[in-house]
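A quick write-up on the structure given underneath.
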Amino acid sequence: MVCPPISWFNSTSWSGFKKYKISEILFFDRRKWTTVSGTEDSFFEMVSLRPGGVYTKAQLLKELETLASCGMFEKVDLEAKTKPDGTLSLTVSFTESTWQSADSFRCINVGLMPQTKQMEMDPDMTDREKLEYFRSQEKDYKRRIERSRPCLLPFPVQREVLQMLREQGKLSARLLQRIRDRVQKWYHDEGYACAQVVNFGNLNTREVVCEVVEGDITKLDVQFQDKLGNICEGNTQLGVIRRELPKQLRQGHVFNIEAGKQALRNINSLALFSNIEVNPRPDEKNEGGIIVEIKLKELDQKSADVSTEWSIVPGRQGRPTLASLQPGGTVTFEHRNIKGLNRSILGSFTSSNLLNPQDDLTFKLEYVHPYLDGVYNPRNRTFRASCFNSRKLSPVFTGGSALEEVPPIWVDRVGFKANVTESFTRQSKFTYGLVLEEITTRDETSSICTHGTRALPSGGLSMDGPPTTLSGTGVDRMAFAQGNITRDNTKFVNGAIVGERNVFQLDQGLGIGSKFPFFNRHQLTITRFFQLKEVEEVLHGHYGGCVGDLPSYDAFTLGGPYSVRGYNMGELGACRNILEVAAELRIPVKNTHVYAFVEHGHDLGSSKGCQR
């Protein structure tokens with residue numbers, strides 16, 4: 001290779017042991033005969049020297065040699081002048097390299113290909129030997145282009161670069177810099193953070209070839225770490241991790257930062273790790289390759305937690321004192337990631353008296369078994385089985401908006417539930433299963449309540465109202481099948497939810513239990529989210545219907561935070577069929593939102609058939 005001539009002004013008078021501080025770097029273009037500050041010239045990034053830095057004479061000479069051999073200059077000189085304060089003012093004097101004009105552009109991916117090493121041309125070669133040398137170089141480069149792979153750069157961007165070549169006319173080093181910046185900008189904007197332009201070929205022909213290393217993934221390395229960050233053997237099977245990774249993050253694909261973020265979210269959704277890192281690093285064995293490292297710190301497999309509540313009341317002389325030495329609270333425990341397959345057992349118990357739990361005890365014990373068809377099967381089904389007990393205030397047995405408060409009725413449920421959930425996407429799924437439960441209605445004293453309160457013409461209240469259960473005894477037992485299908489493509493755009501969510505749920509009684517209940521209860525919910533400039537709009541519709549032996553406590557209610565807002569739950573009525581529509585505007589104001597909504601609910605004439 002024949003390098004451009006280089007020079008060093010007054011270098012012989014300088015000491016090789018002394019260090020010099022550079023206070024200024026200037027660029028002098030010999031063709032334009034202009035001098036500009038270093039930071040304002042596009043060639044500034046090619047210089048590793050920086051104002052304020054301290055360098056030796058050898059380092060300055062090395063910088064000059066690097067500039068001379070980079071191919072961007074026909075001639076480059078480095079001139080140093082000493083200022084009165086003893087610092088150096090450095091001027092890079094150059095003649096920019098130029099080539100013949102080009103009317104064609106090609107972008108190739110040279111990742112994982114060895115870089116070409118140009119053989120030095122012997123200055124004693126004859127003209128014929130030089131001709132053979134150049135022909136050999138040209139053949140080698142054509143073979144390199146043939147072995148390369150197509151790049152990801154879209155045709156619109158390539159046409160844009162081609163237009164730059166045609167408008168410029170003669171090809172120059174600055175134009176190559178502009179082309180490089182435009183190509184790299186597209187890659188980086190699209191998330192290909194490891195992509196870079198490494199070379200331009202065919203500069204003495206009518207076609208410019210842009211060589212890009214896109215960042216091909218050569219290896220995926222999953223590492224488990226202990227609490228101190230040391231590499232250790234993990235409990236989680238690798239198949240559990242790999243199935244959560246996007247395809248674009250696997251070997252043979254080009255690394256994309258968005259795929260890395262998606263992998264973080266997917267792995268985090270497993271709830272198995274306290275710390276997750278996804279880091280790309282260069283592959284030292286494969287030039288241009290990328291190794292994706294996934295570092296994981298596992299949570300403890302077994303955990304337990306106890307939270308207590310103590311009631312404090314005023315005592316003597318106003319001093320605070322405990323209302324009771326018996327604490328209330330919740331006990332939870334979890335055994336996660338059984339056999340490294342993300343299976344888990346979870347339990348929770350809640351009572352107002354943990355030392356002697358009574359009728360208010362609620363519990364839930366659940367077993368979760370993901371990957372029902374196997375870890376390496378693309379079908380994503382999860383089996384869940386749970387035993388539960390819950391107590392909730394019934395919104396059906398209320399006095400309504402026209403009456404005074406009436407004694408509440410509590411609905412206790414205890415039973416078993418098993419279902420299978422098949423996930424189609426992260427948000428869309430299909431669930432089907434079986435529910436066996438015993439339902440007990442109770443009054444304020446926790447006694448079984450067979451009938452609700454009804455109003456008398458005189459304005460009084462009577463406890464001979466409608467029956468609270470299907471059996472009339474205050475206790476119902478039943479079995480029913482349950483299905484739910486959710487189609488959800490909502491996403492966050494500039495902090496706002498955009499998209500649509502549709503949910504259909506079906507409960508089918510099997511005729512097993514008290515009075516052999518056979519019923520069909522179905523619901524359809526449709527929600528649309530829109531973003532209108534800075535205002536979010538939500539349209540919502542809900543239809544529910546029932547046919548058969550529907551217990552009163554499972555009737556639909558009008559009013560409440562999930563129905564017609566502005567009313568208490570069930571205040572407007574209870575019904576067997578329901579239709580609700582709503583429109584909502586969410587207006588951001590500083591760090592909060594202002595909501596405006598219009599809602600309408602209708603019982604479709606079914607309230608008469610619902611005893612309350």
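Just want to confirm a number: the relative contact order over the range 431-529, from Cα pairs under 8 angstrom separated by 6+ residues, in percent. Can you show the working numbers first?
Working: 211 pairs, mean separation 23.2, N = 99.
This gives 23 percent for the range 431-529.
As a test, work out the antiparallel percent of DSSP beta bridges whose residues both lie in the chain, rounded to the nearest 5. Could you put the intermediate results ahead of the total?
On the way: 174 of 199 bridges.
Given both bridge residues lie in the chain, the antiparallel proportion sits at roughly 85 percent.
What's the center-to-center distance, using Cα atoms, between the range 237-251 and the range 564-582 in Å?
With the range 237-251 and the range 564-582 each reduced to a Cα centre, they are spaced 46 Å.
With θ taken as phi - 60° and the coefficients 6.51, -1.76 and 1.60, list the Karplus ³J(HN,Hα) couplings across the range 174-191 in order, rounded to whole Hz; mark glycine and proline as x.
Computed from phi, the couplings for the range 174-191 are 5, 5, 4, 5, 5, 5, 4, 4, 5, 5, 5, 4, 4, 4, 5, 5, 8, x Hz.
Normalising by the residue count of the chain, find the relative contact order in percent from Cα pairs under 8 Å and 6+ residues apart. Before the final figure, lay out the partial values.
Values: 1329 pairs, mean separation 38.2, N = 612.
Relative contact order, the chain: 6 percent.
Cα centroids of the range 38-101 and the range 359-375: how far apart, whole angstrom?
So the two Cα centres are separated by 69 Å.
Give me the percent of the accessible area of the range 504-612 that comes from carbon and sulfur atoms, probe 1.4 Å, all protein chains in place.
Details: 3730 of 6180 Å².
Exposed carbon and sulfur together represent 60 percent of the surface.
Per the helix-only calculation at 222 nm, which mean residue ellipticity applies to the chain, given -39500 (n - 2.57) for every DSSP H run of n ≥ 4 and division by its residues, nearest 500 deg cm²/dmol?
Mean residue ellipticity, 222 nm, calculated: -4000 deg cm²/dmol.
Quick one: pull the percent of accessible area on the range 181-322 belonging to carbon and sulfur, 1.4 Å probe, ligands and nucleic acids left out. Intermediate results must be reported in sequence, preceding the final value.
Values: 3680 of 8090 Å².
The computed percentage sits at 45.
Rounded, prolate or oblate, given the Cα gyration tensor of the range 492-555, with a/c below 1.5 counting as rounded? Can you show the working numbers first?
Working: a/c = 4.76, a/b = 3.99, b/c = 1.19.
It is prolate, given that a/c is not under 1.5 and a/b is the larger ratio.
Convert each backbone phi in the range 427-433 into a coupling constant with the Karplus relation 6.51 cos²θ - 1.76 cosθ + 1.60 (shift: θ = phi - 60°), then list the ³J(HN,Hα) values in order as whole Hz, x for Gly and Pro.
In residue order, the calculated couplings are 10, 9, 7, 10, 10, 9, x Hz.
With each pseudo-label sitting 7 Å past Cα toward Cβ, what's the residue 188-residue 375 distance in nm, one decimal?
Inter-label distance under the simple model: 3.9 nm.
Averaged per residue, what accessible surface does the chain expose to a 1.4 Å probe, in Å²? Intermediate results must be reported in sequence, preceding the final value.
Values: 34810 Å² over 612 residues.
Per residue, the chain has an accessible area of 57 Å².
Express in whole angstrom the spacing between the alpha-carbon centres of the range 470-539 and the range 418-453.
13 Å
If you count, for each residue, the other Cβ atoms within 10 Å and average over each peptide, how do 184-193, 27-36 line up from highest to lowest? Present the calculation step by step, with values, prior to reporting the outcome.
Values: 184-193: 15.8, 27-36: 13.4.
Ranking, from highest mean packing down: 184-193, 27-36.
For residue 83, give me every one of the aspartates and glutamates with a C-alpha distance below 15 angstrom, ignoring sequence neighbours fewer than eight places off in its own chain.
Once the sequence-local aspartates and glutamates are set aside, what remains near residue 83 is 24.
Once you have the Cα-Cα distance between residue 593 and residue 231, take 0.36 nm times their residue separation minus that, and quote the gain in nm to one decimal. Write down the numbers at each step before the final one.
Details: separation 362, 0.36 × 362 = 130.32 nm, distance 4.60 nm.
That pair, residue 593 and residue 231, stretches by 125.7 nm at full extension.
For the range 71-112, which whole-number percentage of the solvent-accessible area (1.4 Å probe, protein heavy atoms only) is attributable to carbon and sulfur atoms? Mind dumping the intermediate values first?
Details: 720 of 1590 Å².
After summing per-atom areas, the C and S share lands at 45 percent.
Counting each pair of different Cα atoms once, what's the Kirkwood radius of the range 509-600 in Å, rounded to one decimal? Numbers along the way, then the final one.
Values: mean 1/r = 0.0655 Å⁻¹.
15.3 Å is the Kirkwood radius here.
If the limit is 31 Å between Cα atoms, which of 392/515; 261/590; 81/170; 219/339 go over it?
On the way: 392/515 24 Å; 261/590 29 Å; 81/170 34 Å; 219/339 26 Å.
The answer is 81/170.
(i) 75, 28, 26; (ii) 70, 25, 20; (iii) 52, 25, 20: which one is semi-axes √(5λ) of the Cα gyration tensor in Å as calculated from this entry?
So the structure-derived entry is (i).
The values are calculated or read from the model by the stated rules, or taken from the named source; none is laboratory data. The structure displayed is predicted, hence computed values, not measured ones. Counting neighbours? That spans all protein chains shown, and the Cβs are built from the backbone with ideal geometry, glycine included. Please note that ligands, DNA and RNA were not included when accessible areas were found on the heavy atoms of the full protein model with its side chains. Shrake-Rupley method; radii C 1.70, N 1.55, O 1.52, S 1.80 Å.
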